[in-house]
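Below: one structure, written as C-alpha cells.
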Amino acid sequence: MDYMDSGLRYTPNSDKDWDTSVQFLPASDHKKLEKKKGPGRVGAVIGVVIFAAVIALMTGLLVWHFHFRKDVRVKKMYSGSMRITNQVFEDAYENSNSSEFKALAKQVTSQLKAIYSRSPQLAKYYVGSTIQAFSEGSVIAYYLSEFRVPVGQEAAVDNAMSSMERLVDKEQRTLHRPGNSLVLADVVSSALDARLFSSSFSRMFKFSEHTKTNHIGQIQSPGFPDRPYSPNTFLQWQLRADPNHVIKLEFDTVNLEEDCKNDFVKIYDSLVAIESRVMEEMCGYYSPSEPLTFLSSGNVMLVTMATNNKKNYPGFRAKVSQVRRGSQGTTCGGQLMGEKGTFSSPNFPNYYPPRTSCQWSIEVPAGKAVKVSFKKFLMSEPGQENGKDCRKDYVEVNGKKLCGEHPDGAVTETSKTNTMSVVFSSDASYVDRGFSAEFEAIDVKDPCPKQFQCKNQRCIKSELRCDGWNDCGDMSDELNCKCSSDSISCKNGLCKPMFWRCDSIDDCGDGTDELNCGVCKSGEMTCKNNKCVSEKKRCDGRDDCGDGSDELDCERASGTTCTDLTYRCKNNKCISKVNPECDGTQDCDDGSDEENCDCGRSMFKTSRIVGGQDAEEGEFPWQVSLHVKGYGHVCGASIISPRWLVTAAHCVQEDGKTSFSQPGTWEAYLGLHTQRKIGSAVVKRNLKQIIPHPNYNTFTYDNDIALMELDSPVTYSDYIKPVCLPSPQHDFPTGNTVWITGWGATREGGFAATVLQKAQVRIINRSVCNDLMGGQITSRMLCAGVLTGGVDACQGDSGGPLSSPSGNRMFLAGVVSWGDGCARRNKPGIYTTVTKFRGWVKEKTGV
Ligand code: 4AZ
C-alpha cells in the first residue's frame, strides 16, 4: 500500500526528463583532412566498411537509448513540518475530512510546490505532497512530499532538500505573492525512514487520539496481549494534547522481534515521521522494570510501528495521557541553596523530553565551595555514544560539557567559589534517561572532613586508605603508604594484603610480593605439587616430583612417560611440552597436536587491557547469545564446531516456569554484536538437543557445563568461528590474563549490555580463591577476576566463554558459572574448568 494514499495530493505537470538534443562538434582541422589523398581502392573499401559499422553502432545506441533504456527511478519521500504564522488554529483542523482542513491543506501543498520550484533538482522530480496533520502554534503543518528520482541522482535531491529553509526564504521574499499567501517559519524536513513506506506492507492502520485532562488512554499493537501482532503491517498513532500540555507515553510492555530492521516501534516528537524529531526507536524485549516513560516537547507525539513478513511477537502496550506544561517532570532547573541537596534531569529516571534546556544555580553558604556528584549519568544517543564532543544532549558544569554514559558516581565536579551553575540541554532528536546528582557544601581548605580526598576529588572513608584496594579509582588512596603489619610493603610504596604474597600474581606491580617465595633451597626446583627436587633432576627422564612437573617443557619433547601433566598424542605417545596443541609447531610424531586447529582466531588482535568496554565486531567470533524465544538474551555460549555450542548447565536448568531444558525454548544468535541489531553477519539457529552434564549440582554449581546442538550447521565467517578446546593437560597458569565477554549486566543488579562487552581478568590461585569463597571451589571450578573489584562477569554472562590467549589463538579456559555478586572486591568470578570436560565433550559431540 502506498504511503501517499491518505490526505490531499497535488500533482504538478510532468517535466521532460531527458535532454534529447544532440550536437556534433565541427572537426578542428577540416581543410587538412580534405587535402589528404586517399590510400587507394582497398583503403576506400575498408573505409566504407568502417563507416557503415560506425553508423550501425550509433543507430543501435540511439535506438537503445530512446526506445529500450528504462527510465529507472526511485521513490524518495521527505517529511517535514512548518509553522504558518499568519493563521489561527481551529478545532476543525484536527479532522482531515473537514472543509477547513482541506482548504488549508490545498494552500500548503501549492505553496510547497512553489518552494520546490525554486530548486531545479526538486522541481524536476517532484511528484506531490500530502498534508498529514495540523497542530497549534500558530498553525503547524505536517507534510509528506514525494519525488521520483533517477537512480544516481538521490544525493543531489537530498542536498537540495537540506537547503529547504533557504528555498522557503526565497519563496517568502517573492514579489507579487497572492495576498492570502501563508507566512512560513521553522521549516524542518528530512528524508523519511525507508522502512516506513515499504512496498511490502499489506495492512496500514492510522489512529488519532486527543487526550484529555484526568483521562488515561491506551494504545497497543493489534491483538495485544492475546495474539502476536500481524505481519507486513504499518501502524501509526497521532497523539494530541490540549494547548499548554505535553504528551506522556508510558510503556508497560515492549516485546518485539530482536532485529529493528524487521519489526520496530518509533516515537517522534511530531505528528509526522520526521527523522530529526525521532525520540527513540525500540525493538526486542524491554524488562518491565525498566523505566519507559516518554514526554513530548509540545502537545503532539507520533508513535509508528512497522512489521515485516516473519516472526511476530506479542507487541507493545502503552498508556497515553496529558500533563500540563510546567508540572513536575516537564521542568527542571532553579535555585538550589543550602548545605546539600539533590537534583535530576526532567522526568528522571524516565526519558527526559527533547528540546529542553534549563539551569540550576547552586549556592552554598559563603566561604564554602560546591561539589556536585552525579549518581547516575545517561545522556547517550546515536552519534554521541562516546561521551566526547557533546554537541547534542549534554550537561554543562563549570563550563565543561558532559555527555554519554558514565558509571554511577564516576563524575564529580567542584567549584572554586560558593556558587555553581549546572545546565541541562537536550536537542530535538533522541532522548535518554538523564542524570541524578547530589550537591554539597565543602570547605575549600578541608573538602573531605574526616575522610580522605582522592586526587580525582572523591572523598573516601579514611580506613580505606592504604588497604591495598583502589577505592578512589585513580589509585591515589594507595600511594605513599606506611603499611600495617598484615600488609606487604611493596618497594614502590604500595601496600597489599598479606594473603596475596606468593600467589604468582604481581599485585605490587613491581614484583615485590612474589619475591623469596620458594620454599625450596637454592639449586632446587619447586614442583607443581610444591615438592622440592634438585634442579639436576629436571628433564632427566624420571618423574622425581611425583606429578611429572620436573619433566615438562624438556628439550627431548617426544617419547616422555605419560603423566597427568603431559600432552597425549593421538598415537598415545606423550610429549613434555606445555600446551603444544595448535601452537604452529608439530610436536607429536603423528602431527595430531596440530590437527583441528581452525579455531580461536579472530580478525583482531585483542591486546588492550581494559576493565569492561565494547568489543570490536568479530573480535570474539565464538561468542553466542542464547535467547529464550519471545523474551530475549538470557545466557552466553561458545561455538566449538559448526554444530555444537558449549554453555553452562545452570542456564538450561528447569525453573518451574520456563522450560529452559527444552531445545524449543531457545534460539542461538551467532555473529551477533549488538542486541536487537540483526545485521547480515548474524546467523540465528534453533536447537536440536541440549545435553547438560549429568553430574551438574544445582546447589554447588559443580560440573556447570552443557552442550547444545544446533538444528543445522553454520558456515564460518569473519564473525562466526569456533574457539579452541584445550586438551585435558592444558595449563592456564595463575596470574595469566584472560578475557571475559558477554551481554550481561554492566553492574550488579543493573541492566544487560546492548553491545558485546569485553574485559580482561586474571586467573587466580585456586587455594587463595577457595579461602575467599568460603571453601566452595572444586577442581571443576576455575577462579578469575580482579580482586580489587570493578571487573567481572555478571548476570546474563553465564554460559559464555572465558577466553585464554595461547600463542596466537584463544582457548576456552572456562564457562561463566557463578560468583558472589558481581565485581565485588575479593570476590572473583567462578568458571567451569573446561579441561576437566574435554573427554565428555568429545564423547558427546565428536569434537
Ligand atoms: C549470573 O547470575 C552470574 N560475578 C554470573 C557470573 C557471576 C555472577 C552472577 C560472577 O549469571
Problem - Meets criteria (more than 21 Å from the chain's Cα centre (by Cα), in contact (Cβ under 8 Å) with a residue 40 or more places away in the chain, more than 12 Å from the ligand (Cβ to nearest atom) and open to solvent by less than 10 Å² (accessible area, probe 1.4 Å)) for ALA813 - result: yes
Practice task
Determine if the stretch 743-750 includes at least one residue that is within 12 Å of the ligand (Cβ to nearest atom), more than 28 Å from GLU514 (Cβ to Cβ) and open to solvent by less than 10 Å² (accessible area, probe 1.4 Å).
Solution key: yes
Problem - Residues within the stretch 89-113 that are in a helix (DSSP H, G or I), of a type outside the set (A, V, I, L, M, F, W, C) and out of contact with any strand residue (DSSP E or B) (no Cβ under 6 Å at 6 or more places or on another chain), tallied - result: 10
Exercise for the section: State all residues of the stretch 697-711 that are open to solvent by less than 40 Å² (accessible area, probe 1.4 Å), in a loop (DSSP other than H, G, I, E, B) and in contact with a helix residue (DSSP H, G or I) (Cβ under 8 Å, 6 or more places away or on another chain); if no residue qualifies, say none. Expected result: ASN703, ASP704, ILE705
Exercise for the section: Would you point out which residue out of GLY329, GLY298 is in the same structural domain as PRO222 (by TED's automatic domain parsing) and not in a strand (DSSP E or B)? Expected result: GLY298
Problem - Sole exception among (1) surrounded by fewer than 24 Cβ atoms within 10 Å (Cβ to Cβ); (2) within 16 Å of the ligand (Cβ to nearest atom) for LYS844, by number - result: (2)
Completion exercise
Of the listed residues (THR307, THR342), the one being open to solvent by 20 Å² or more (accessible area, probe 1.4 Å) and either touching a strand residue (DSSP E or B) at 6+ places or on another chain (Cβ under 9 Å) or over 29 Å from THR674 (Cα atoms) (or both) is THR342
Practice task
Would you check if LYS491 is open to solvent by 20 Å² or more (accessible area, probe 1.4 Å), closer than 25 Å to VAL364 by Cβ and of a type in the set (Lys, Arg)?
Solution key: no
Practice task
Check CYS651 against each of (1) surrounded by 24 or more Cβ atoms within 10 Å (Cβ to Cβ); (2) assigned to a strand (DSSP E or B) and name the one condition it does not meet.
Solution key: (2)
Exercise for the section: Return a yes/no flag: does the stretch 673-689 have any residue that is in contact with an Asp or Glu (Cβ under 6 Å, 6 or more places away or on another chain), assigned by TED's automatic domain parsing to the domain that holds PHE811, part of a loop (DSSP other than H, G, I, E, B) and hydrophobic (A, V, I, L, M, F, W, C). Expected result: yes
Exercise for the section: Report whether or not THR833 is within 16 Å of the ligand (Cβ to nearest atom), assigned by TED's automatic domain parsing to the domain that holds PRO733 and free of Cβ contacts under 8 Å to residues at least 60 places away in the same chain. Expected result: yes
Handout entry: Long-range neighbours under 6 Å by Cβ, at least six apart or interchain, first residue within 13 Å of the ligand (Cβ to nearest atom) within the stretch 774-797, second among the acidic types (Asp, Glu)
Key = GLY785/ASP792
Completion exercise
GLY839 meets each of (1) more than 15 Å from the ligand (Cβ to nearest atom); (2) in contact with a strand residue (DSSP E or B) (Cβ under 9 Å, 6 or more places away or on another chain) with one exception, condition (2)
Practice task
Spot the failing condition for MET379; the list is (1) open to solvent by 60 Å² or more (accessible area, probe 1.4 Å); (2) under 22 Å from the mean Cα position of the chain (by Cα), and only one is missed.
Solution key: (1)
Fill in the blank from the handout: Taking the stretch 712-742 and keeping only residues that are touching a helix residue (DSSP H, G or I) at 6+ places or on another chain (Cβ under 8 Å) and either within 16 Å of the ligand (Cβ to nearest atom) or open to solvent by 50 Å² or more (accessible area, probe 1.4 Å) (or both), one is left with PRO728
Exercise for the section: Confirm whether LEU756 is more than 11 Å from the ligand (Cβ to nearest atom), under 24 Å from the mean Cα position of the chain (by Cα) and surrounded by 17 or more Cβ atoms within 10 Å (Cβ to Cβ). Expected result: yes
Exercise for the section: Restrict the check to the stretch 453-465 and report whether at least one residue is at pLDDT below 80, at negative phi and out of contact with any Pro (no Cβ under 9 Å at 6 or more places or on another chain). Expected result: yes
Exercise for the section: Select from the stretch 473-497 the residues that are at pLDDT below 80 and touching a strand residue (DSSP E or B) at 6+ places or on another chain (Cβ under 8 Å) and list them in ascending order. Expected result: ASP486, PRO497
Handout entry: Count - residues of the stretch 445-464 that are open to solvent by 70 Å² or more (accessible area, probe 1.4 Å) and within 21 Å of ASP507 (Cα to Cα)
Key = 1
Problem - Failed criterion for PHE660 (all others in (1) within 16 Å of the ligand (Cβ to nearest atom); (2) within 26 Å of the chain's Cα centre (by Cα); (3) under 30 Å from PHE316 (Cα atoms); (4) open to solvent by 30 Å² or more (accessible area, probe 1.4 Å) hold) - result: (2)
Fill in the blank from the handout: If we ask which residues in the stretch 494-506 are without any contact (Cβ under 8 Å) to a residue 60 or more places away in the chain and surrounded by 16 or more Cβ atoms within 10 Å (Cβ to Cβ), their number turns out to be 6
Completion exercise
A careful count of residues in the stretch 191-241 that are open to solvent by less than 80 Å² (accessible area, probe 1.4 Å), assigned to a loop (DSSP other than H, G, I, E, B) and small (Gly, Ala, Ser) gives 7
Completion exercise
Result of the Cβ filter at 7 Å on the stretch 253-270, keeping first residues that are at pLDDT 95 or above and partners that are among the β-branched types (Val, Ile, Thr) and in a loop (DSSP other than H, G, I, E, B), at least 6 apart or interchain, is TYR268/ILE274
Problem - Checking TRP818 against (1) more than 8 Å from the ligand (Cβ to nearest atom); (2) open to solvent by 20 Å² or more (accessible area, probe 1.4 Å), the condition it does not meet - result: (1)
Exercise for the section: Hey, can you tell me all the residues within the stretch 415-465 that are of a type in the set (A, V, I, L, M) and under 22 Å from ASP477 (Cα atoms)? Expected result: ILE442, VAL444, ILE460, LEU464
Handout entry: Complete set of residues in the stretch 798-810 that are open to solvent by 10 Å² or more (accessible area, probe 1.4 Å) and either within 8 Å of the ligand (Cβ to nearest atom) or under 15 Å from CYS635 (Cα atoms) (or both)
Key = SER798
Completion exercise
Taking the stretch 129-172 and keeping only residues that are of a type in the set (Val, Ile, Thr), part of a loop (DSSP other than H, G, I, E, B) and surrounded by 15 or more Cβ atoms within 10 Å (Cβ to Cβ), one is left with none
Handout entry: Unmet criterion (only one of (1) out of contact with any Phe, Trp or Tyr (no Cβ under 6 Å at 6 or more places or on another chain); (2) of a type in the set (Ser, Thr, Tyr); (3) closer than 26 Å to ASP186 by Cα; (4) at pLDDT below 95) for TYR116
Key = (1)
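The values are calculated or read from the model by the stated rules, or taken from the named source; none is laboratory data. Quantities reported herein were computed from a predicted structural model and do not represent experimental measurements. All Cβ positions, glycine included, derive from the backbone under ideal geometry; neighbour counts span all protein chains shown. Ligands, DNA and RNA are stripped out before the accessible areas are found, and what is left, the full protein with its side chains, is counted by its heavy atoms. Shrake-Rupley method; radii C 1.70, N 1.55, O 1.52, S 1.80 Å.
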